[in-house]
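Data block below; observations after.
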């Protein structure tokens, strides 16, 4: 069975990557955009690009998860890759948890 190569295209709205779709490399971004708008109901303001999204941007679904957690009472903190720089993210998480306990205790009513 012959496998058809698919290319990932990012869908942006308002500068935020809201989705990633997969199409044949023979389809151009204008055709993909028209199809997403007319067939799938995407906002006409979308931009389709083969380029990788900025790693500091959260996708729509990622932002929705964070919002849902906040709405359920969770405290959510996110550092972007550029904010972390060369710091080891696991060590940043561990240290943030340690310091977070002190902050919570200090801020209790």
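FYI, it's all coordinate maths here, none of it is from the lab. What you see is a predicted model, and the numbers here were worked out from it, not measured in a lab. Note that we place each Cβ from the backbone using ideal geometry, even for glycine, and neighbour counts take in every protein chain shown.
Per-structure values
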{"quantity": "0 to 90° range, to nearest 10: angle between helix 29-38 axis and the chain longest Cα axis", "calculated": "80"}
{"quantity": "Helix-only [θ]222 nm of the chain, DSSP H runs n ≥ 4, -39500 (n - 2.57) each, per residue, nearest 500", "calculated": "-12500 deg cm²/dmol"}
{"quantity": "Crossing angle, helix 89-107 versus the chain [Cα axis fit, 0-90 degrees, rounded to tens]", "calculated": "50"}
{"quantity": "Volume in Å³ per residue [convex hull over Cα atoms, computed for the chain]", "calculated": "184"}
{"quantity": "Alpha carbon centroid spacing (whole Å) that separates the range 50-109 from the range 1-49", "calculated": "29"}
{"quantity": "By average C-beta atoms within 10 angstrom, highest first, the peptides 73-79, 10-16", "calculated": "10-16, 73-79"}
{"quantity": "Ranked packing of 86-93, 17-24, most packed first, by mean Cβ within 10 Å", "calculated": "17-24, 86-93"}
{"quantity": "Residue with peak Gaussian network fluctuation, the chain [Cα springs, cutoff 10 Å], from 66, 36, 99", "calculated": "99"}
{"quantity": "Kirkwood Rh, angstrom, the range 1-54 [1 / mean 1/r, Cα pairs]", "calculated": "11.5"}
